Amino acid sequence: MKKITTLVLLLASCLWHFASAQEQYREQYRPQIHFSPKEHWMNDPNGMIYFNGTYHLFFQYYPGGITPGPMHWGHAVSKDLMHWKELPTALYPDSLGYIFSGSAVVDSNNTSGFGKNGKIPLVAIFTSHDPKGEKAGSDKTENESLAYSLDSGLTWTKYSGNPVLKNPGIRDFRDPKVMWYAKEKKWVMTLATKDHITFYSSADLKNWKKESEFGKEGGAHGGVWECPDLFPLTLYGKTYWVLIVNLNPGGPNGGSATQYFIGQFDGNKFLAIDNQTKWLDYGPDEYAGVTWGNVSNRRLFLGWMANWSYSQQVPTVKWRNAMTIPRELALFESNGTMYVKSTPVKELSSLQKKSAGNKKSLKSKVLPRQCLIGINANAGSDFSITLSNRAGEKVVIGYDKAKDQYFIDREKSGKVDFAESFAKVAYAPRFTKEVNSQLLLVVDQSSIELFADGGRTVMTSIFFPSTPYDHFALKSAKETQLISLNSVW
Ligand code: FRU
């Protein structure tokens, strides 16, 4: 009898936990196919690495509230880039300051010497941001530091010789992205240094030598350069290097945004192949995007689905902000110029609901809670799709022939008055001469990601309707396909 009672109690407690976990991720505005922390403030993705079959996502995190505070690194893991499990906070502030953005590497050859008993160290390289120095107006408040983990990123030890790279007197000196440069068997650090990038190299991650600078003259300079990344991509059998530089403010639709350069990198310096300013995502709500450092054969990108202009005012209660859908990057050419395109990773299709008739060529006009919408349209004229609710709130996505631009209009999308810069129409150029336009929309509770023309134009936008959009209407589109998705929680 006693055994049965215990069993029943155990079962009840499991069910209760399951139910409350489910409820936890069902709050108003909670993304159902994007990563967001259970609670509290989140910004940039950090330290993204792939290790022993697991994708690691660290992130700027303040576990004490829903606005930024002393920054930590939060931690989540996934096997498929869709279902994330949040783990205990990885890095805590220390005597050198808050833990700002940075990267992580798998130090397979134990160049750092942090490995013990044959265990491969994961090494995090991050910015120590000293709040006292900041208050005092010092220009040396940001320095680069290390921590290592011998248990797959669960627990971390700070290096006793921190900081490993000292600030030479540049106020914004942060967000190190480190990669292994195999050709010369050395580590290369790409660092955002106010209005340009500085490259450093190291044999052991502890001693860094300055190599070169890039970008004082080129690209967009409407704000501070932050969160860079450097990696190779191939087009027509030739390797190019892509340098991502996040910028705040100064984005194409206001506030923060991700620009990039394409060029050559020889282990010492980066040379851009042209002077054009290029944006990875034209929408207002992708920022601080960088890539997973060590995934072979694909370059996987993830951004913070927010904008510094209003991210601290968005009307969520328990948590603030989410990440974009992970995307795969590739090069393409348009009119003799090279660009980067992005498409959602193929793993997204694993969320498709299996129910019969899920893939619909749609007349029904009922919008599922989270879904993919494919649209075929003719860019010879305007076209649009409107997502709306009974309260008359709506977001309109489409193409404006006169401007020859795609747009997302969230002026009447619901709650918009929490910040002046929110209720706007965002525009983006079209990068193809084809008459046919193909749009893929990734729709979630409070966000839309538009991938047009195979990812040549990308826009991300968030919104906060008083009740979820449950209806859609098309204008001048030739064909539509709608696929309902399962929640990842
Ligand atoms: C970018 C950023 C980084 C910095 C971090 C602090 O969003 O400003 O430059 O390291 O956020 O949270």
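Using R₀ = 56 Å, calculate the FRET efficiency as 1/(1 + (r/R₀)^6) where r is the Cβ-Cβ separation of THR239 and ALA391; round to 0.05.
The pair THR239/ALA391 has a calculated efficiency of 0.60.
Output needed: percent of Cα pairs per 10 Å distance bin for segment 36-344, bins running from 0 to the one holding the longest distance.
6, 29, 39, 22, 4, 0
Reachable aspartates and glutamates from LYS132, Cα under 18 Å, same-chain residues fewer than 8 places away excluded?
Partners found: ASP94, GLU142, GLU144, ASP172.
Among rounded, prolate and oblate, which fits segment 362-489 when a ≥ b ≥ c are the square roots of the eigenvalues of its C-alpha gyration tensor, a/c under 1.5 means rounded, and a/b larger than b/c means prolate? Numbers along the way, then the final one.
Values: a/c = 1.69, a/b = 1.25, b/c = 1.35.
Verdict is oblate for segment 362-489.
Using only alpha carbon pairs under 8 Å that are at least six residues apart, calculate the relative contact order of the chain and give it in whole percent.
13 percent
Just subtract the alpha-carbon distance of GLU39 and SER381 from 0.36 nm times their residue separation and send over the number in nm, one decimal. List each step's numbers first, then the result.
On the way: separation 342, 0.36 × 342 = 123.12 nm, distance 4.44 nm.
Extra length from GLU39 to SER381 when fully extended: 118.7 nm.
Which value, in Å² rounded to 10, gives the accessible area of PHE114 with a 1.4 Å probe and all protein chains present?
10 Å²
Skipping prolines and chain starts, which residues have an amide H placed within reach, meaning under 5 Å, of the one on GLY250, given they are 5 or more residues away or on another chain?
Amide H neighbours of GLY250: GLY255.
At a Cα cut-off below 26 Å, give the lysines reachable from LYS403, other chains included and same-chain residues fewer than 8 away excluded.
Filter leaves LYS278, LYS341, LYS394, LYS412, LYS424, LYS433, LYS475, LYS478.
Taking loop as defined by DSSP and a crowding limit of 15 other beta carbons within 10 Å, which trypsin sites (Lys or Arg not before Pro) in segment 99-173 fit?
LYS116, LYS119, LYS140, LYS166
Using a 1.4 Å probe, what is the accessible area per residue for the chain, in Å²?
41 Å²
Please report how far the C-alpha centroid of segment 281-295 lies from that of segment 41-111, rounded to the nearest whole angstrom.
Rounded to whole Å, the Cα centres lie 15 Å apart.
With a 1.4 Å probe and all protein chains kept in place, how much accessible area does SER201 have, in Å² rounded to the nearest 10?
Its accessible surface works out to 10 Å², give or take rounding.
On full extension of the chain, what length is gained from ALA182 through LYS318, given 0.36 nm per residue of separation minus the C-alpha to C-alpha distance?
Stretched out fully, the ALA182 to LYS318 stretch lengthens by 44.6 nm.
The values are calculated or read from the model by the stated rules, or taken from the named source; none is laboratory data. Keep in mind that this is a model prediction, so the values were computed, not measured. Heads up, the Cβs are rebuilt from the backbone with ideal geometry, glycines too, and the neighbour counts pull from every protein chain shown. Ligands, DNA and RNA are excluded from the accessible area calculation, which covers all protein heavy atoms including side chains. Shrake-Rupley method; radii C 1.70, N 1.55, O 1.52, S 1.80 Å.
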